[in-house]
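Let me begin by presenting the structure, written as structure tokens, before commenting on it.
Please treat every number below as a calculation from the coordinates, not as lab data. From a predicted model like this one, the values you see are computed outputs, not experimental measurements. Here Cβ is always computed from backbone atoms with ideal geometry, including for glycine, and neighbour counts include all displayed protein chains.
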Amino acid sequence: MAIRMPRIIQVKKTLRRSFSNGSNTTTSMDIPKGYFAVYVGEQEKKRFVVPVSLLSQPMFQELLHLAEEEFGYNHPMGGLTIPCSEDIFINLASHLGAL
């Protein structure tokens, strides 16, 4: 399976991202209607704002199940934290047509 680089660049531009380190944080007011925030990453967590339509996708539900297994309902970032790499999340979101 080949990955086309222009698509990944487009995906990264489409996903709204903000760092959760305090210097560039956003509030819940910055999330448009029909979207929600998730924190993704293995070491440094990055915040992504994605459409709620992802919630009904079986592949995304698998990620939610992994998050439940790892964190339960106590997410350390104060929001939904997904335990996967940023690249995997971007590829999944792109595959699901969320971007």
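Under a Cβ-Cβ cut-off of 13 Å, what is the net charge of the residues other than ILE88 that fall near it, where Lys and Arg count +1 and Asp and Glu count -1? Combined, the nearby Lys, Arg, Asp and Glu give -3. Size check on segment 30-99: the Cα extents along the three principal axes, sorted descending, read 26, 26, 20 Å. Exposure proxy for VAL50, VAL40: other Cβ atoms within 10 Å of each Cβ, ordered fewest to most, give VAL50, VAL40.
Within a Cβ distance under 10 Å of VAL38, other residues only, what is the Lys/Arg minus Asp/Glu net charge?
Charge balance in the 10 Å sphere: +3.
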